[in-house]
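The values are calculated or read from the model by the stated rules, or taken from the named source; none is laboratory data. Predicted model, so just to flag it, every value in this text is computed and none were measured. For neighbour counting, all protein chains shown are included, and Cβ atoms are generated from backbone atoms with ideal geometry for every residue, glycine included. Side chains included, ligands, DNA and RNA excluded: accessible areas come from the protein's heavy atoms. Shrake-Rupley method; radii C 1.70, N 1.55, O 1.52, S 1.80 Å.
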Amino acid sequence: MTKKLFDDIVAQLVDYERRNRGDTLEHIAKLLHVDNDYVRKINSARDARHYSIYHLFILSREWKISLDRLMPSSISTIKQLTQYKDYDESQFHKLLLEIEKELKTQ
């Protein structure tokens with residue numbers, strides 16, 4: 001089972017922040033009190049595991065950033081990701097609508 005778009009973007013945003021800080025996946029696992037393999041699976045698009053809101057809260061506090069920076073809730077946040085950096089406003093709007101639709105049909 002593949003990851004939902006929302007969860008995939010969240011994992012990419014966490015990875016973006018992690019890399020900018022020079023943190024390792026092992027460090028993230030230690031912060032979240034999970035094993036290294038679990039964090040690797042969260043970061044895999046092929047695995048349905050995902051960061052929980054509790055994980056994101058812990059990471060945002062550790063990194064001293066707003067929780068919003070780990071959520072696909074704004075164009076400026078998503079645009080940090082290489083895959084979406086060239087999206088125009090219309091494409092972002094469609095992406096956000098797709099995420100919203102996906103979340104409503106869970």
Would you please give the FRET efficiency between Lys94 and Lys30, computed as 1/(1 + (r/R0)^6) with r the Cβ-Cβ distance and R0 = 25 Å, to the nearest 0.05?
0.10
Roughly to the nearest percent, how much of the accessible area of the chain is carbon and sulfur, given a 1.4 Å probe?
50
Contact order normalised by length for the chain, with contacts defined as Cα pairs under 8 Å and 6 or more residues apart; what percent is it?
33
Net dipole in debye of the chain [+1 Lys, Arg Cβ; -1 Asp, Glu Cβ; about Cα centre; nearest 20]:
140
Keeping every protein chain present and rolling a 1.4 Å probe, give me the accessible area per residue for the range 1-65 in Å².
59
Across the range 13-106, how many lysine pairs, 8 or more positions apart or on different chains, have C-alpha atoms separated by under 27 Å? Please give the number.
16
Among (i) 36; (ii) 65; (iii) 21, which is the computed percent of Cα pairs over 24 Å apart?
(iii)
Stretched fully, the stretch from Asp15 through Tyr38 gains (0.36 nm per residue minus C-alpha distance, one decimal, in nm) 6.9 nm
Can you run phi through the Karplus equation (6.51, -1.76, 1.60; θ = phi - 60°) for the range 9-25 and list ³J(HN,Hα) in whole Hz, with x for Gly and Pro?
5, 4, 4, 5, 5, 4, 4, 4, 5, 4, 5, 4, 9, x, 7, 9, 4
Among the trypsin sites (Lys or Arg not before Pro) in the range 9-106, which ones are in a DSSP loop with at most 14 other Cβ atoms within 10 Å of the Cβ? Mind listing them?
Arg46, Lys64, Lys79, Lys85
Rounded, prolate or oblate, given the Cα gyration tensor of the range 49-96, with a/c below 1.5 counting as rounded?
prolate
